[in-house]
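Student: Please read through the structure below; I'll follow up with questions.
The values are calculated or read from the model by the stated rules, or taken from the named source; none is laboratory data. In this text, all values refer to a predicted model and were calculated from it rather than measured experimentally. Every residue, glycine among them, receives a Cβ derived from its backbone with ideal geometry; neighbour counts consider all protein chains shown.
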Amino acid sequence: MATTQVASATTEKAKPKAQRNQTVEALRVLSAFGIVVFHGGGEWAPLAYTGLIVFVALSPMIDANYNWERIRPTAALARSLLLPWAFWMAVYGVFAIVRHKPVLPPDAPILGVLMGTSQHLWFLPFIFGVLVVQGSLKQRVPAQTVFVASSLLAFATIASAYLWRPLALTWPVPLPQWAHVAGAVFAGTAIGIAPRAGRLAYPCLILIGLGLAILILKPVSGMTLTYCLGLPLTAAAVFFGKRLWPDSLSIQPVADCMLGVYLVHIIILSLSGLILPRGSLLHAAVAFMTSLAIVYAARRLVPATRIVLG
(Lines give C-alpha, C1' and ligand atoms only; values in the text may rest on other atoms or scores of the structure.)
Protein backbone atom coordinates (compact mmCIF):
# COMPACT_ATOMS: atom_id res chain seq x y z
CA MET A 1 0.00 0.00 0.00
CA ALA A 2 2.76 2.44 0.94
CA THR A 3 4.61 1.63 -2.27
CA THR A 4 1.48 2.39 -4.29
CA GLN A 5 1.07 5.74 -2.53
CA VAL A 6 4.67 6.68 -3.19
CA ALA A 7 4.40 5.73 -6.85
CA SER A 8 1.20 7.77 -7.15
CA ALA A 9 2.77 10.77 -5.44
CA THR A 10 5.81 10.59 -7.69
CA THR A 11 3.64 10.99 -10.75
CA GLU A 12 1.76 14.02 -9.40
CA LYS A 13 2.24 17.10 -11.52
CA ALA A 14 3.54 20.35 -10.10
CA LYS A 15 0.96 23.00 -9.34
CA PRO A 16 0.45 25.08 -12.50
CA LYS A 17 2.46 28.29 -12.25
CA ALA A 18 -0.62 30.28 -13.20
CA GLN A 19 -2.13 29.23 -9.87
CA ARG A 20 0.84 30.25 -7.78
CA ASN A 21 0.63 32.95 -5.15
CA GLN A 22 1.91 35.99 -7.04
CA THR A 23 2.82 37.83 -3.85
CA VAL A 24 5.26 35.00 -3.13
CA GLU A 25 6.62 35.28 -6.67
CA ALA A 26 6.99 39.06 -6.29
CA LEU A 27 8.84 38.48 -3.01
CA ARG A 28 11.16 36.10 -4.86
CA VAL A 29 12.00 38.90 -7.29
CA LEU A 30 12.54 41.37 -4.45
CA SER A 31 14.78 38.92 -2.59
CA ALA A 32 16.92 38.37 -5.69
CA PHE A 33 17.31 42.13 -6.04
CA GLY A 34 18.35 42.28 -2.39
CA ILE A 35 21.06 39.69 -3.04
CA VAL A 36 22.39 41.77 -5.93
CA VAL A 37 22.43 44.87 -3.69
CA PHE A 38 24.24 42.92 -0.97
CA HIS A 39 26.91 41.61 -3.31
CA GLY A 40 27.31 45.11 -4.74
CA GLY A 41 28.26 46.38 -1.28
CA GLY A 42 27.55 49.83 0.08
CA GLU A 43 25.43 51.21 2.89
CA TRP A 44 22.33 49.24 1.89
CA ALA A 45 24.09 45.88 2.00
CA PRO A 46 23.18 44.91 5.62
CA LEU A 47 19.47 45.46 4.97
CA ALA A 48 19.63 43.88 1.51
CA TYR A 49 21.13 40.74 3.06
CA THR A 50 17.54 39.96 4.05
CA GLY A 51 17.10 38.87 0.45
CA LEU A 52 19.29 35.82 1.06
CA ILE A 53 17.17 34.62 3.99
CA VAL A 54 13.99 35.04 1.94
CA PHE A 55 15.55 33.39 -1.12
CA VAL A 56 16.61 30.37 0.95
CA ALA A 57 13.34 30.11 2.88
CA LEU A 58 11.28 30.20 -0.31
CA SER A 59 12.95 27.13 -1.82
CA PRO A 60 11.68 24.54 0.69
CA MET A 61 8.53 26.62 1.26
CA ILE A 62 7.50 26.48 -2.41
CA ASP A 63 8.17 22.75 -2.62
CA ALA A 64 6.21 22.08 0.59
CA ASN A 65 3.34 24.46 -0.13
CA TYR A 66 2.74 23.82 -3.82
CA ASN A 67 4.04 20.30 -4.31
CA TRP A 68 3.83 18.27 -1.10
CA GLU A 69 2.14 15.39 -2.94
CA ARG A 70 4.72 15.48 -5.73
CA ILE A 71 8.05 13.77 -5.17
CA ARG A 72 10.75 15.04 -7.52
CA PRO A 73 13.27 12.32 -8.39
CA THR A 74 16.83 13.00 -7.27
CA ALA A 75 17.96 12.86 -10.89
CA ALA A 76 15.51 15.63 -11.81
CA LEU A 77 16.72 17.79 -8.94
CA ALA A 78 20.31 17.18 -10.02
CA ARG A 79 19.50 18.33 -13.55
CA SER A 80 17.82 21.50 -12.30
CA LEU A 81 20.41 22.41 -9.63
CA LEU A 82 23.69 20.52 -9.97
CA LEU A 83 23.98 20.84 -13.74
CA PRO A 84 23.75 24.66 -13.57
CA TRP A 85 26.13 24.55 -10.61
CA ALA A 86 28.74 22.61 -12.61
CA PHE A 87 28.35 24.92 -15.61
CA TRP A 88 28.70 28.11 -13.59
CA MET A 89 31.55 26.63 -11.56
CA ALA A 90 33.45 26.46 -14.85
CA VAL A 91 32.35 29.94 -15.96
CA TYR A 92 33.33 31.60 -12.70
CA GLY A 93 36.52 29.58 -12.56
CA VAL A 94 37.58 31.13 -15.87
CA PHE A 95 36.37 34.52 -14.63
CA ALA A 96 38.59 34.17 -11.55
CA ILE A 97 41.61 33.21 -13.65
CA VAL A 98 41.10 36.21 -15.95
CA ARG A 99 41.02 38.50 -12.91
CA HIS A 100 44.03 36.73 -11.34
CA LYS A 101 41.95 35.60 -8.36
CA PRO A 102 42.02 32.19 -6.60
CA VAL A 103 39.70 29.72 -8.32
CA LEU A 104 38.73 28.09 -5.01
CA PRO A 105 39.00 29.37 -1.42
CA PRO A 106 42.68 28.82 -0.55
CA ASP A 107 41.97 28.04 3.12
CA ALA A 108 39.52 25.22 2.31
CA PRO A 109 40.45 23.60 -1.00
CA ILE A 110 38.31 20.49 -0.45
CA LEU A 111 35.16 21.94 1.09
CA GLY A 112 35.81 24.94 -1.12
CA VAL A 113 34.45 22.98 -4.05
CA LEU A 114 31.04 23.16 -2.36
CA MET A 115 31.60 26.87 -1.78
CA GLY A 116 32.23 27.28 -5.48
CA THR A 117 34.42 29.36 -7.76
CA SER A 118 32.31 32.40 -6.83
CA GLN A 119 30.95 33.52 -3.48
CA HIS A 120 27.33 32.72 -4.31
CA LEU A 121 27.50 29.24 -5.88
CA TRP A 122 27.33 27.44 -2.51
CA PHE A 123 23.54 27.87 -2.67
CA LEU A 124 22.97 25.29 -5.42
CA PRO A 125 24.50 22.14 -3.87
CA PHE A 126 23.14 23.20 -0.49
CA ILE A 127 19.55 23.60 -1.63
CA PHE A 128 19.86 20.41 -3.69
CA GLY A 129 20.62 18.55 -0.47
CA VAL A 130 17.74 20.29 1.31
CA LEU A 131 15.22 19.33 -1.37
CA VAL A 132 16.49 15.74 -1.55
CA VAL A 133 15.98 15.37 2.20
CA GLN A 134 12.57 17.04 1.98
CA GLY A 135 11.56 14.68 -0.83
CA SER A 136 12.60 11.70 1.26
CA LEU A 137 10.53 12.98 4.19
CA LYS A 138 7.50 13.36 1.93
CA GLN A 139 7.58 9.63 1.25
CA ARG A 140 8.06 8.49 4.82
CA VAL A 141 6.76 11.03 7.32
CA PRO A 142 3.29 12.63 7.74
CA ALA A 143 3.14 16.31 6.87
CA GLN A 144 2.09 17.32 10.39
CA THR A 145 5.11 15.55 11.88
CA VAL A 146 7.48 17.32 9.48
CA PHE A 147 5.75 20.60 10.32
CA VAL A 148 6.19 20.22 14.07
CA ALA A 149 9.81 19.06 13.72
CA SER A 150 10.65 21.93 11.35
CA SER A 151 9.07 24.45 13.72
CA LEU A 152 11.00 23.13 16.70
CA LEU A 153 14.26 23.09 14.75
CA ALA A 154 13.63 26.61 13.48
CA PHE A 155 13.01 27.84 17.03
CA ALA A 156 16.07 26.08 18.43
CA THR A 157 18.38 27.26 15.64
CA ILE A 158 17.22 30.87 15.66
CA ALA A 159 16.93 31.27 19.44
CA SER A 160 20.41 29.83 20.06
CA ALA A 161 22.15 31.78 17.28
CA TYR A 162 23.98 33.97 19.78
CA LEU A 163 25.65 30.80 21.10
CA TRP A 164 26.64 28.99 17.91
CA ARG A 165 27.12 31.80 15.39
CA PRO A 166 30.54 33.02 16.69
CA LEU A 167 31.85 29.44 16.58
CA ALA A 168 30.39 28.82 13.11
CA LEU A 169 32.30 31.79 11.72
CA THR A 170 35.55 29.95 12.47
CA TRP A 171 34.58 26.90 10.38
CA PRO A 172 35.87 26.41 6.84
CA VAL A 173 33.58 27.58 4.04
CA PRO A 174 30.84 26.85 3.14
CA LEU A 175 29.91 25.57 6.61
CA PRO A 176 29.35 29.09 8.04
CA GLN A 177 27.01 29.87 5.13
CA TRP A 178 25.09 26.63 5.62
CA ALA A 179 24.75 27.20 9.36
CA HIS A 180 23.67 30.78 8.81
CA VAL A 181 20.68 29.79 6.65
CA ALA A 182 19.68 26.59 8.47
CA GLY A 183 17.02 28.43 10.45
CA ALA A 184 15.57 29.83 7.22
CA VAL A 185 15.33 26.31 5.77
CA PHE A 186 13.46 24.98 8.82
CA ALA A 187 11.18 28.03 9.00
CA GLY A 188 10.50 27.98 5.26
CA THR A 189 9.54 24.31 5.44
CA ALA A 190 7.22 24.98 8.38
CA ILE A 191 5.58 27.96 6.68
CA GLY A 192 5.04 25.87 3.56
CA ILE A 193 3.38 22.99 5.38
CA ALA A 194 1.38 25.17 7.80
CA PRO A 195 -1.87 25.06 5.75
CA ARG A 196 -1.85 21.26 6.19
CA ALA A 197 -1.08 21.36 9.92
CA GLY A 198 -4.58 22.02 11.24
CA ARG A 199 -4.73 23.15 14.86
CA LEU A 200 -0.97 22.79 15.23
CA ALA A 201 -0.32 25.62 12.79
CA TYR A 202 -0.76 28.62 15.09
CA PRO A 203 1.16 27.41 18.18
CA CYS A 204 4.10 26.20 16.07
CA LEU A 205 4.30 29.41 14.06
CA ILE A 206 4.10 31.39 17.30
CA LEU A 207 7.04 29.30 18.52
CA ILE A 208 9.09 30.43 15.50
CA GLY A 209 8.05 34.00 16.34
CA LEU A 210 9.32 33.45 19.88
CA GLY A 211 12.65 32.37 18.44
CA LEU A 212 12.81 35.65 16.51
CA ALA A 213 11.99 37.56 19.71
CA ILE A 214 14.93 35.89 21.45
CA LEU A 215 17.11 36.78 18.48
CA ILE A 216 16.15 40.42 19.02
CA LEU A 217 16.94 40.21 22.74
CA LYS A 218 20.21 38.40 21.99
CA PRO A 219 21.21 40.17 18.76
CA VAL A 220 23.57 38.52 16.31
CA SER A 221 25.28 40.57 13.63
CA GLY A 222 24.09 39.60 10.16
CA MET A 223 21.16 37.58 11.51
CA THR A 224 18.86 39.65 13.72
CA LEU A 225 17.82 42.16 11.07
CA THR A 226 17.70 39.70 8.18
CA TYR A 227 15.77 36.95 9.98
CA CYS A 228 13.37 39.25 11.83
CA LEU A 229 12.46 40.98 8.58
CA GLY A 230 12.79 38.10 6.11
CA LEU A 231 10.76 35.39 7.83
CA PRO A 232 7.72 37.58 8.65
CA LEU A 233 7.74 38.81 5.05
CA THR A 234 7.78 35.23 3.81
CA ALA A 235 4.95 34.19 6.13
CA ALA A 236 2.86 37.25 5.21
CA ALA A 237 3.28 36.52 1.49
CA VAL A 238 2.20 32.90 1.97
CA PHE A 239 -0.79 33.49 4.25
CA PHE A 240 -2.09 36.84 2.99
CA GLY A 241 -0.65 37.03 -0.50
CA LYS A 242 -3.87 36.28 -2.32
CA ARG A 243 -5.37 39.40 -0.74
CA LEU A 244 -2.34 41.57 -1.49
CA TRP A 245 -1.73 40.77 -5.15
CA PRO A 246 -4.52 40.35 -7.75
CA ASP A 247 -4.47 37.07 -9.66
CA SER A 248 -4.84 38.97 -12.92
CA LEU A 249 -1.45 40.65 -12.42
CA SER A 250 1.04 37.83 -12.96
CA ILE A 251 4.72 38.37 -12.34
CA GLN A 252 5.53 34.73 -13.07
CA PRO A 253 7.61 35.29 -16.26
CA VAL A 254 9.91 37.58 -14.28
CA ALA A 255 9.99 35.34 -11.19
CA ASP A 256 10.98 32.38 -13.36
CA CYS A 257 14.19 34.24 -14.23
CA MET A 258 15.39 34.75 -10.66
CA LEU A 259 17.63 31.70 -10.37
CA GLY A 260 19.27 32.79 -13.61
CA VAL A 261 19.69 36.32 -12.26
CA TYR A 262 21.23 34.86 -9.11
CA LEU A 263 23.70 32.89 -11.22
CA VAL A 264 24.84 35.63 -13.61
CA HIS A 265 24.69 38.78 -11.51
CA ILE A 266 28.21 38.58 -10.08
CA ILE A 267 29.71 38.94 -13.55
CA ILE A 268 27.33 41.78 -14.42
CA LEU A 269 28.10 43.56 -11.14
CA SER A 270 31.81 43.32 -11.88
CA LEU A 271 31.48 44.63 -15.44
CA SER A 272 28.99 47.41 -14.65
CA GLY A 273 31.22 48.47 -11.76
CA LEU A 274 33.74 49.65 -14.34
CA ILE A 275 31.48 52.55 -15.32
CA LEU A 276 29.14 53.00 -12.34
CA PRO A 277 29.94 53.87 -8.70
CA ARG A 278 30.38 50.57 -6.89
CA GLY A 279 28.19 50.04 -3.87
CA SER A 280 25.51 52.43 -5.06
CA LEU A 281 21.86 51.49 -5.52
CA LEU A 282 22.22 52.61 -9.14
CA HIS A 283 25.01 50.09 -9.64
CA ALA A 284 22.90 47.29 -8.14
CA ALA A 285 19.75 48.29 -10.03
CA VAL A 286 21.54 48.38 -13.38
CA ALA A 287 23.20 45.03 -12.67
CA PHE A 288 19.88 43.49 -11.67
CA MET A 289 17.96 44.79 -14.68
CA THR A 290 20.77 43.83 -17.06
CA SER A 291 20.94 40.34 -15.58
CA LEU A 292 17.16 40.02 -15.84
CA ALA A 293 17.15 41.19 -19.47
CA ILE A 294 19.89 38.72 -20.40
CA VAL A 295 18.24 35.78 -18.64
CA TYR A 296 14.76 36.62 -19.92
CA ALA A 297 15.96 36.94 -23.51
CA ALA A 298 18.06 33.78 -23.32
CA ARG A 299 15.21 31.70 -21.88
CA ARG A 300 12.77 32.91 -24.52
CA LEU A 301 15.00 32.95 -27.59
CA VAL A 302 17.10 29.89 -26.81
CA PRO A 303 15.01 27.61 -24.55
CA ALA A 304 17.93 25.21 -24.19
CA THR A 305 19.68 27.81 -21.99
CA ARG A 306 17.15 27.00 -19.26
CA ILE A 307 19.28 23.96 -18.53
CA VAL A 308 21.93 26.24 -17.02
CA LEU A 309 19.79 29.28 -16.12
CA GLY A 310 17.03 27.48 -14.23
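Student: Search region 179-222 for residues being surrounded by fewer than 22 Cβ atoms within 10 Å (Cβ to Cβ) and under 18 Å from the mean Cα position of the chain (by Cα), and hand back the single one that is modelled with the lowest pLDDT.
Tutor: The selected residue is Gly222.
Student: For Pro253, all conditions in the list (1) in contact with a Phe, Trp or Tyr (Cβ under 8 Å, 6 or more places away or on another chain); (2) more than 15 Å from Arg28 (Cα to Cα) hold save one; what is the number of the exception?
Tutor: (2)
Student: Filter region 265-283 down to the residues that are among the aliphatic types (A, V, I, L, M), without any contact (Cβ under 8 Å) to a residue 40 or more places away in the chain and crowded, with 20+ Cβ neighbours inside 10 Å and list them by number.
Tutor: Of all residues in region 265-283, those among the aliphatic types (A, V, I, L, M) come to 266-269, 271, 274-276, 281-282.
So of that shortlist, the ones also without any contact (Cβ under 8 Å) to a residue 40 or more places away in the chain come out as 268, 271, 274-276, 282.
Answer for region 265-283, where residues must be among the aliphatic types (A, V, I, L, M), without any contact (Cβ under 8 Å) to a residue 40 or more places away in the chain and crowded, with 20+ Cβ neighbours inside 10 Å: just Ile268.
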